[in-house]
Each structure stands twice: as C-alpha cells, then as structure tokens.
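The values are calculated or read from the model by the stated rules, or taken from the named source; none is laboratory data. Everything numeric in this text was worked out from a predicted model, so none of it was measured. When we count neighbours, we look across all protein chains shown, and the Cβ atoms used for this are built from the backbone with ideal geometry, even at glycine.
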Amino acid sequence: MPHQKIWESQLLSSPRNIKSVDFFFPGADQKWRVAFQRRYAYGIEPEINTDEYPAYIFFALRDLSSKNKDSLPDMFMGHQGLVIVSGAMHDLLQTFNMGRTRFHEVPLYEYDQKTLRPGRWYFMHIREDCQTLVAEASSGLKPVGKSGGIWKPTLAGDHELALDPEEAGELDLWLDRSVRNRVFFSDRLKKAIKSSGLSTRWLGFRPCKIVTV
C-alpha cells in the first residue's frame, strides 16, 4: 500500500547539519574529490563503486572543542555534502526498508588522522532515486537552470512538496533527484527516529502533500 504520509527532510539543505568532519580517500587528489562530491550529491553517476568509498573520517579543525566533538548528531553532513550516521542510527535504519542504500563503516579520527575516536560511524550512500515529486501540485518551487525538470524550494521556506508515493513502494527513505537537496522519510521511520531519543535536531521534518497522478 502506498504511503499515506511522507516527510521531507532538510538533512542535505540546512547548514546546521554540516559538521567539521572530512573524508580520507586513498590516493585521491582534489580534482577527484570534487568529482566524487558532484556524483554523490546530484546523482550524475549514482552507481558509485564501493571501492571508491572513504577509508576513514576525521575532524577537519585542529582547535575544535571537546564539546563539539563529543556532541555529533546521529545523522549529519560532513565535508563535500556526504552523509554520516552513528552506529545507533545505522542499527535503527537497518530495521527499515532502505532498498539499495548502502552503509560503509568508517573509523573516526582526531585532526591528526592518527588518534582513533570511540564509537561506530558509517558513510551513508543514499542510492534510491524515486520520481515522486508532482511539481504542478506543489507550491513554493522554482526551476533550476533552463533545461527544466529540476526544482528547488524558494528561500522563503513556505513551500509545500506534493508527492505521489506510488514509485517509492515500501521504501522508508529515498531521494527524488527532480527536487534539490531533499531526503524523504516514511512516516513510520520518522516516528521511530523521533521516539528513539537519537540526536537529530536539525533534520527539519516537514509533511508532504500526498496526491495521486
């Protein structure tokens, strides 16, 4: 049965979700890193191979306070717009239908890239791209570029995304690459995250309008 309620998230759009955590890719230069970011963020080449995943993550600022390092949320963006989740969040997500989305465990190091931090962390590669947006039934959207077909919410923040959930099926989390920087959560997953007590303050959940095309 298609979802009766879906939530958009600002995981990929709110600056508050960005933390000073960088990724180490063995043998990669800056040009390769930029290309990886573009492929990951915008789905230019969504089939990123697992051997391209980062080897580890590390705090990118030398003088980052202990408070900031000890209070990382359970789902956030590091540098390059890549998503990181805690071990606890990973375990919760694994009990839901994540489809083709992959998780790759990455150790977290201090700025020196030698001192290992405690805890489990995962690079989260969201690979489900479902064409659920119904732009003509949405409000507060503007087109990206001149070619058409890609949209983003206006800066006013008073938008409403209309979705037809048919293509998402039983998935609990997905992207729709026709709308920039939004991740969609099923109602059951959103409720589970909220009731778990995990730190997800800035995910910015907003209900979507459900329509049938």
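Restricting attention to the stretch 172-204, report how many residues are closer than 15 Å to Leu133 by Cα and not basic (Lys, Arg). Summing the residues that are closer than 15 Å to Leu133 by Cα and not basic (Lys, Arg) in the stretch 172-204 gives 11.
Of all the residues in the stretch 169-204, those that are hydrophobic (A, V, I, L, M, F, W, C), modelled with pLDDT of 95 or more and not in a strand (DSSP E or B) number 5.
Taken over the stretch 166-208, residues that are loosely packed, with under 14 Cβ neighbours inside 10 Å and more than 21 Å from Asp91 (Cα to Cα) amount to 2.
Which residues, counting only those in the stretch 42-96, are of a type in the set (Gly, Ala, Ser), under 24 Å from Asp172 (Cα atoms) and at pLDDT 95 or above? Walk me through how you get there before you give the answer.
Here is the first cut: in the stretch 42-96, the residues of a type in the set (Gly, Ala, Ser) are 43, 55, 60, 65-66, 71, 78, 81, 86-88.
Then drop every residue that is not under 24 Å from Asp172 (Cα atoms), which leaves 43, 78, 81, 86-88.
Correct list: Ser86, Gly87, Ala88.
Among the residues of the stretch 84-102, those identified as surrounded by fewer than 20 Cβ atoms within 10 Å (Cβ to Cβ) and of a type in the set (A, V, I, L, M, F, W, C) are Ala88, Leu92, Phe96, Met98.
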